[in-house]
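The values are calculated or read from the model by the stated rules, or taken from the named source; none is laboratory data. Just so it is clear, the structure is predicted and the values come from calculations on it, not from any experiment. Counting neighbours? That spans all protein chains shown, and the Cβs are built from the backbone with ideal geometry, glycine included. All accessible areas refer to the heavy atoms of the entire protein, side chains included, with ligands and DNA or RNA removed. Shrake-Rupley method; radii C 1.70, N 1.55, O 1.52, S 1.80 Å.
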Amino acid sequence: MAAALVGGALRGAVFGELLKAVSEEKDKAVTFKDRLEQLESTLRNSSPLIEEIEKLNQMLDRPKQETENLVRMMEQGEQLVLKCSKVKWNCFKRYVYAKKIIKLDTSISDFCRTNLPLQHTRDSRLILVEVKEMHTMVRRMSGNGNINGWMSNQVGDCCSAPDPPVITPGLDVLLKELKMELFKDGRQFIVVSAAGGYGKTTLVQRLCKDDQVQGKFNDNIFYVTVSKNPNVKAIVQKVLHHKGNRVSEFQTDEAAINDLERCFKQMRTEAILLVLDDAWSGSESLLQKLGFQLPDYKILVTSRSEFPQFGPAHYLKPLTDEAARTLFLHSANLQDGNSYIPDENIILRACKGCPLALKVVGGSLCGKHEVFWQRMVKECSRGESVFQSKNDILDCLGSSLDVLNNEVKECYLDLCSFPEDQRIPISALIDMWMELYELFDDVFAITNLHELSSQNLVDRVVTRKTAGDYGCYNDDFVLQHDLLRELTICRSKSEPINQRKRLIVEISGNNFPKWWMDQKQHPNNASLLSISTDETFSSNWPDMQGPEVKVVVLNIRTKKYVLPDFLQKMDELKVLIVTNYGFSPAELNNFRVLSALSKLKKIRLEHVSLPNSLATVRMSHLQKVSLVMCNVGQVFRNSTFKISDAFPNLLEMDIDYCNDLIELPDGLCDIVSMEKLRITNCHRLSALPEGIGKLVNLQTLTLTACTELSALPDTIGNLSRLNFLDISECLNIRKFPERFGELCCLKTLCVIGCPISEVPSTNLENLQVVICDEETAEQLAYSPPGRARIEVIQEDSNLNFLN
């Protein structure tokens with residue numbers, strides 16, 4: 001009876017009958033009246049919560065095993081209550097029945113409190129229902145999977161202000177002044193000016209996160225980075241996308257600005273704050289065009305320039321001695337004030353109150369032996385009295401680089417191959433560094449990155465807390481201050497063109513540098529080549545010689561892009577990274593030039609459309625392919641394309657945020673060499689092929705946030721070498737296939753945010769840890785996964801697909 005009732009109306013049947021029996025019998029069984037009234041109270045308090053959980057179970061098609069014990073307990077309770085009225089003068093029976101009633105009441109209370117935490121379960125499932133409904137809505141909206149800018153790395157977080165650093169001494173007074181300026185009528189433009197590294201961006205980040213500011217402007221705070229060469233169309237597209245408006249492809253900057261003005265005018269009754277961070281000299285015309293005549297519309301600008309035509313600027317002065325010391329000690333991890341610091345004041349005076357210099361110099365000395373402090377003191381003593389200009393700041397920061405070991409320093413200098421003010425994917429850095437420095441394992445690359453982060457040379461941005469801990473860094477990035485980027489470029493340019501280790505080329509329009517046309521000055525020694533082009537570039541490439549180039553980074557913005565022919569002559573090329581920073585995916589062509597490169601191991605493509613011509617490409621030496629925010633459907637569904645023919649010897653494949661991925665490409669399961677397969681944030685992928693069981697060498701399978709995926713194929717049991725499986729945030733996977741227990745080498749299983757209630761323990765003798773959220777841990781408590789420990793991770797509410 002219990003099993004049948006669990007699938008039906010629990011409250012109307014068993015629960016209702018027990019409550020009815022208690023209500024009727026409490027007056028008849030006078031001896032037990034107090035006990036039965038207490039039981040009645042417990043039942044009535046639990047009634048609405050149990051009823052709601054049952055409804056949510058039906059909405060989610062969730063299994064009902066968790067309430068079976070409760071049903072059985074209540075059935076027995078009803079029989080007990082009916083017997084109570086028949087007990088008269090038998091003292092022993094009265095004692096026994098009273099204890100049973102107390103035990104029943106306690107059991108129901110305990111069950112609700114520990115085994116079935118009703119309120120938590122109700123709230124969690126309510127959220128799950130809402131997420132499922134939102135996902136359905138998003139799936140309908142996406143239609144053919146071609147939403148403009150959908151889930152773009154550059155557009156995903158749109159115009160939300162980043163969180164400021166944890167400690168920001170010395171900014172409180174100016175913050176108060178800026179707030180007063182924002183809240184009063186009058187000036188539309190507010191300019192914050194200072195030299196690079198003095199905290200302009202940190203100040204406005206604090207302002208945007210201030211409670212009073214957010215109370216005034218609500219959701220109408222738009223934070224965009226302008227940079228040296230502003231892309232007006234991209235800026236407008238970000239603002240419109242952030243506001244939820246339809247985003248168009250603009251033909252001109254004027255059309256984009258007109259569209260933004262129309263959007264803001266529709267909000268004319270609301271206060272609007274537009275933050276333009278890092279505006280350079282020459283941006284005056286753009287600022288004027290954005291100065292729409294609207295009430296309560298403010299524009300906050302940060303710049304190294306003053307822009308006097310917009311009124312007096314607010315100047316960021318160097319930090320006071322006290323604030324500088326606080327920031328320095330925090331950066332050097334000496335906040336307790338008890339540690340001996342040799343000649344501390346010499347270092348502080350050399351930094352001249354520049355927050356960036358204090359952070360970097362302090363970070364470079366964190367945890368270091370006294371001899372490193374003494375060296376820094378000597379370096380600072382030489383330039384102590386001349387620290388007045390940007391070049392002096394760069395010299396001071398350069399001293400911090402000299403503390404690094406050679407490999408870490410070289411890794412840091414490689415960061416300049418990516419554009420200014422853009423997030424740099426950690427996975428791209430790993431691919432580069434593994435080949436440039438012949439690292440044995442990616443853990444060495446991550447160690448170098450941690451070293452840079454610990455010394456405040458980069459800021460690490462982790463958008464999914466647990467991903468990087470287990471070898472997947474698709475949601476991890478680093479940010480580099482623009483002044484520190486200038487430092488890396490200056491270091492890279494310190495040698496003649498033909499002797500440089502890394503060559504950084506920025507092309508405006510089709511204006512190639514003069515040395516490019518001079519064959520004698522080609523980069524004969526460069527191992528890293530980075531070329532950045534803008535939206536007007538025509539892909540008419542002159543020839544280039546690069547006999548030692550191992551890594552090529554192409555930063556693009558055009559709708560159509562042709563890979564340069566000279567790539568096919570770079571015989572040492574091992575890594576190719578192509579990233580489109582435009583709003584819509586770029587059509588990428590001329591893949592044929594890669595076929596002849598026998599040493600090419602890794603390709604990373606971001607925000608591009610793969611052409612059908614890829615079906616004719618053969619790259620037998622390729623070991624890793626990464627596709628991020630790419631349009632892959634056209635080529636994957638092409639009947640002439642078979643991925644096992646194009647890349648027959650792949651070891652790794654990453655597919656991330658490819659919204660038109662409905663099924664895996666034909667032939668993928670024939671690449672038996674595959675060791676790592678990561679498919680993340682692909683929300684239209686509904687099934688894995690049965691042939692996946694043929695990947696007998698697969699060791700890592702990551703399927704994070706594939707929300708439409710409803711099941712794992714039974715053939716997964718053939719993956720005898722699989723040691724890591726992650727199905728976190730796969731909202732529709734509710735159980736494992738029958739043969740799941742055959743994964744004899746499985747060590748780590750991640751099921752965060754996944755409605756799994758049981759992990760088969762058969763033959764999983766090597767399973768060491770199940771990583772999950774709190775609710776899943778409660779479900780697994782009913783059927784523990786053998787000897788494996790359960791590691792509970794606080795959910796970070798990522799839900800990237802709803803950006």
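Structure values in brief
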read-out	value
Answer from I671, I643, I662 - the residue that is open to solvent by 20 Å² or more (accessible area, probe 1.4 Å) and in contact with a helix residue (DSSP H, G or I) (Cβ under 9 Å, 6 or more places away or on another chain)	I662
Verdict on S539 being under 28 Å from the mean Cα position of the chain (by Cα) and open to solvent by less than 30 Å² (accessible area, probe 1.4 Å)	no
Residue match in segment 164-178 (condition: modelled with pLDDT of 85 or more and closer than 30 Å to S584 by Cα)	yes
Subset of segment 596-617 [open to solvent by less than 50 Å² (accessible area, probe 1.4 Å) and not in a strand (DSSP E or B)]	L597, L600, H607, L610, P611, L614, A615, V617
Tally, over segment 701-710, of residues that are in a loop (DSSP other than H, G, I, E, B) and either closer than 24 Å to A788 by Cβ or out of contact with any helix residue (DSSP H, G or I) (no Cβ under 9 Å at 6 or more places or on another chain) (or both)	6
Residues that are closer than 14 Å to Q188 by Cβ and in contact with a strand residue (DSSP E or B) (Cβ under 7 Å, 6 or more places away or on another chain), drawn from segment 297-312	Y297, K298, I299, L300, V301, F307, F310, G311
Unmet criterion (only one of (1) on the phi > 0 side of the Ramachandran plot; (2) surrounded by fewer than 17 Cβ atoms within 10 Å (Cβ to Cβ)) for S305	(1)
M151 vs. criteria under 30 Å from R684 (Cα atoms), of a type in the set (A, V, I, L, M, F, W, C), modelled with pLDDT under 85 and open to solvent by 60 Å² or more (accessible area, probe 1.4 Å)	no
Residue under evaluation M629, criteria (1) within 24 Å of the chain's Cα centre (by Cα); (2) on the phi < 0 side of the Ramachandran plot, criterion not met	(2)
Test set (1) part of a loop (DSSP other than H, G, I, E, B); (2) touching a Ser or Thr at 6+ places or on another chain (Cβ under 8 Å) - L698 fails condition number	(2)
Residues of segment 656-695 that turn out to be in a strand (DSSP E or B) and either closer than 24 Å to S720 by Cα or at pLDDT 95 or above (or both), as a count	5
Cβ-Cβ under 7 Å pairs, at least 6 apart or on other chains, segment 252-281 side buried (at least 19 other Cβ atoms within 10 Å of the Cβ), far side among the acidic types (D, E) and modelled with pLDDT under 85	D278/D421; D278/D482
Exclusive hit being over 29 Å from Q623 (Cβ atoms), free of Cβ contacts under 8 Å to residues at least 40 places away in the same chain and open to solvent by 50 Å² or more (accessible area, probe 1.4 Å), set E742, E758	E758
Subset of segment 559-574 (residues that are more than 14 Å from P542 (Cβ to Cβ), part of a loop (DSSP other than H, G, I, E, B) and either open to solvent by less than 10 Å² (accessible area, probe 1.4 Å) or of a type in the set (F, W, Y) (or both))	L563, M570, L573
Given (1) open to solvent by 10 Å² or more (accessible area, probe 1.4 Å); (2) touching a Leu at 6+ places or on another chain (Cβ under 8 Å); (3) farther than 23 Å from F591 by Cα, index of the condition E690 fails	(2)
Residue within segment 188-207 that is over 30 Å from I556 (Cβ atoms), without any contact (Cβ under 8 Å) to a residue 12 or more places away in the chain and either buried (at least 20 other Cβ atoms within 10 Å of the Cβ) or among the acidic types (D, E) (or both) present	no
Selection within segment 245-263 - assigned to a loop (DSSP other than H, G, I, E, B) and over 21 Å from G509 (Cβ atoms)	N245, R246, V247, S248
Residue in segment 575-614 that is nearest to S538 (Cα to Cα), counting only those that are more than 29 Å from the chain's Cα centre (by Cα) and of a type in the set (G, A, S)	S613
Considering residues of segment 489-520 that are modelled with pLDDT under 80 and of a type in the set (S, T, N, Q) only, the residue farthest from W541 (Cα to Cα)	S494
Any hit, segment 711-732, residues being at pLDDT below 90 and touching a helix residue (DSSP H, G or I) at 6+ places or on another chain (Cβ under 8 Å)	yes
Sole residue being in contact with a strand residue (DSSP E or B) (Cβ under 7 Å, 6 or more places away or on another chain), of a type in the set (V, I, T) and open to solvent by less than 20 Å² (accessible area, probe 1.4 Å), chosen from T707, T680, T776	T680
Spans of helices (runs of 4 or more DSSP H) in segment 187-244 with at least 2 residues among the β-branched types (V, I, T)	200-209, 232-243
Residue within segment 512-523 that is part of a strand (DSSP E or B), among the basic types (K, R) and surrounded by fewer than 15 Cβ atoms within 10 Å (Cβ to Cβ) present	no
Filter result (surrounded by 18 or more Cβ atoms within 10 Å (Cβ to Cβ) and more than 13 Å from L610 (Cα to Cα)) within segment 624-640	K624
Selection count, segment 411-455, where residues are in a loop (DSSP other than H, G, I, E, B) and either of a type in the set (V, I, T) or surrounded by fewer than 23 Cβ atoms within 10 Å (Cβ to Cβ) (or both)	10
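Conditions tested, residue by residue: (1) out of contact with any Asp or Glu (no Cβ under 6 Å at 6 or more places or on another chain); (2) over 30 Å from G282 (Cβ atoms); (3) aromatic (F, W, Y); (4) at pLDDT 75 or above.
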residue	(1), (2), (3), (4)
L334	yes, yes, no, yes
G353	yes, no, no, yes
K378	yes, yes, no, no
V403	yes, yes, no, no
V408	no, yes, no, yes
